Amino acid sequence: MADTDIEMDETLDLIASNKVEGTAVYDREEERLGTIYNVMIDKVNGQVEYAVLSFGGLFGLGSNYYPIPWEMLDYDTDLGGYVVDIDKEKLQNAPNYSDGDQPVFDREYGTRVHDYYGVEYPHA
């Protein structure tokens, strides 16, 4: 197979999951809320359902994880991160989990997360 100069992590319209993980997330006032811990992808339709935001803790220890519906995130090239229309107070009260306490990402949980943010759950 010939060597190519094709970038495998990012194209004009696509980005690899490993480049999303660790990306900063900001509120609308450009205050940093946390970073993307991972993304949750629907196995059947292949669509990203959640970005899981790591928030709180120190150096990744004691962090809580907040699933945020993917459609709520907007990428801001000037910030080099995602922007969400959520303030810290709303985020702190959002459905979340900690290490070793991951929820079952089923229809009931998905509905609860989406309802909290006022976003229609695509699997309802």
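Rule-based calculations on the coordinates, nothing more; no lab input. Please read all numbers here as calculations on a predicted model, not as lab measurements. Methodologically, a virtual Cβ is constructed for each residue, glycine included, from the backbone with ideal geometry; neighbour enumeration extends over all protein chains shown.
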Checklist entry - Does a label point 7 Å from the Cα of Asp78, set along Cα-to-beta-carbon, have any residues of segment 23-39 with amide nitrogen under 12 Å, and which are they? => result 29-30
Checklist outcome for this item: Scalar couplings 3J(HN,Hα) for segment 40-45 by Karplus 6.51 cos²θ - 1.76 cosθ + 1.60 (θ = phi - 60°), nearest whole Hz, x for Gly and Pro, are 10, 10, 5, 5, 7, 9
Checklist outcome for this item: Here the relative contact order (percent) of segment 17-117, from C-alpha pairs under 8 Å and at least 6 apart, is 23
Checklist entry - How much net charge surrounds Asn93 when only other residues with a Cβ under 14 Å from its Cβ are counted (Lys, Arg +1; Asp, Glu -1)? => result 0
Checklist outcome for this item: Per DSSP loop assignment and a cutoff of at most 12 other beta carbons within 10 Å, the chain keeps its longest run without exposed GluC sites (Glu not before Pro) at 32-119
Checklist entry - Once a ≥ b ≥ c are taken as the square roots of the eigenvalues of the Cα gyration tensor of segment 17-117, is the result rounded (a/c under 1.5), prolate (a/b larger than b/c) or oblate (a/b not larger than b/c)? => result rounded
Item to check | On Cα atoms only, tilt of 107-117 relative to the major axis of the chain in degrees | outcome: 80
Item to check | the chain: calculated mean residue ellipticity at 222 nm from DSSP helix runs of at least 4, using -39500 (n - 2.57) | outcome: -4000 deg cm²/dmol
